[in-house]
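Have a look at the structure below, then the notes.
The values are calculated or read from the model by the stated rules, or taken from the named source; none is laboratory data. Just so you know, these numbers come straight off a predicted model, no measurement behind them. FYI the Cβ positions are ideal-geometry reconstructions off the backbone, even for glycines, and counts take in every protein chain you see.
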Amino acid sequence: MDVDADFSLADKDGEPVARLTGDWTAHCLGNAGPRLAAAIRDTRHTAVDMSGVKRCDTAGAYAVLRAVEGVNEPRQLQARPETHRLLELVAEGIQREPTPVVKQRGFYNLMDRLGRGIFHIAGELYEIFDFLGHLLVAIWHSILNPRRIRWAPTFNLAERAGLDALPIVAITTFFIGAVVGLLGVNTLRQFGAEVLVVETIGIAVLREFGIVITAVLLAGRSASSFAAEIGSMKMNQEIDAMQVMGVDPFDALVVPRFVALLITLPLLVFVADLSGLFGGMIVSWSVLDLSPTFFMQRIVDNVGVTPFWLGLYKAPVVALVVAGIGCRQGLDVGDDVESLGLKVTSAVVQAIFAIILIDAAFALVYMKAGL
């Protein structure tokens, strides 16, 4: 049975002594510690006798030590050997100074941050290749056995990630085409070659801006939504439940998203190209008075279909990158909301960076191939 901590003041050899009784534990301590400190402070050289204490834990030892901070002689603090040992341990912990945090500066701090950054990049590369290998295996199995693909969620994702993005893609590329047309007119007018703005618009929109702007918009819409959806499932342990039931998360979550983007991205690029050409045609018609018929005829004769195919060849790679980054960041989400927000942000940033890098790589390949 627990007994509340208490004490009483008595005289021993003409010296006041505080005799502690009861259980000096966190559960029974109450306000005994402050009362003991006040009594010792009023009577000054009061000795403490803990031989009557039944049980004592670190909370009780701490209260006693705080009360007798000015009482250092061993004879004035009497206790059983085990209690005395506990008091010594707690006293050592109280007196120990915290380890100072040494902040390195200058060259050492720079090397520390550089090393941590390299280690983090190496870890990211390892996780990327691990995810990519698992994804390629899942895609290969789906190609060998198309019935493994979950077509219902695939078409649902294709509608949300592709068809729902048609308006924003069309509007954005329309203004991009108009801006390219205005810049082309202002630049070519200095050389008296305003009519070449048609070729400028056609090549820029069909080869670069159509696919790049569409991919960036998908990175903001689809990569973030993929990371948020899979990340919330990870937080709710739904992915763990899938694995327990023998369902591969890549087959159920990653492959449908990849197939959905693979289907819809070429359609979005086609719409973006038409919208961008339309915006450039409106500018050339209103500024240079070039009729739409003349504009389209020069596109067919001088631009041709090659830039369109060169831009469309990037679509499968971009779809793989955007879907892969979004799903990988979602699978890396931890157990807290802060981790979810960080991974969604990382998905968008990494997807946009990868899109620009892929576009630059394709430009180098096309340049070496003379295209």
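Observations on the structure shown:
- Members of region 303-322 found to be exposed (fewer than 13 other Cβ atoms within 10 Å of the Cβ) and over 30 Å from residue 128 (Cα atoms), listed by number: 305, 306
- Top-ranked residue in region 232-246 [being more than 20 Å from residue 340 (Cβ to Cβ) and at pLDDT 80 or above; ranked as surrounded by the most Cβ atoms within 10 Å (Cβ to Cβ)]: 244
- The set of residues from region 274-326 being free of Cβ contacts under 8 Å to residues at least 60 places away in the same chain and of a type in the set (Gly, Ala, Ser) comprises 286, 291, 304.
- Restricting attention to region 25-66, the residues that are under 19 Å from residue 78 (Cβ atoms), loosely packed, with under 15 Cβ neighbours inside 10 Å and under 51 Å from the mean Cα position of the chain (by Cα) total 1.
- Test for residue 333: is it among the aliphatic types (A, V, I, L, M) and surrounded by 22 or more Cβ atoms within 10 Å (Cβ to Cβ): yes
- Flag for residue 215 being of a type in the set (A, V, I, L, M) and modelled with pLDDT under 85: no
- Residue in region 280-294 that is surrounded by 21 or more Cβ atoms within 10 Å (Cβ to Cβ) and of a type in the set (Asp, Glu) present: no
- Long-range neighbours under 8 Å by Cβ, at least six apart or interchain, first residue closer than 11 Å to residue 2 by Cα within region 16-35, second assigned to a strand (DSSP E or B) and β-branched (Val, Ile, Thr): 22/53; 23/53; 24/53
- Of the residues 220, 210, 246, the single one that is in a helix (DSSP H, G or I) and either more than 23 Å from the chain's Cα centre (by Cα) or hydroxyl-bearing (Ser, Thr, Tyr) (or both) is 210.
- Residue check, residue 290 in contact with a Ser or Thr (Cβ under 9 Å, 6 or more places away or on another chain) and not in a helix (DSSP H, G or I): yes
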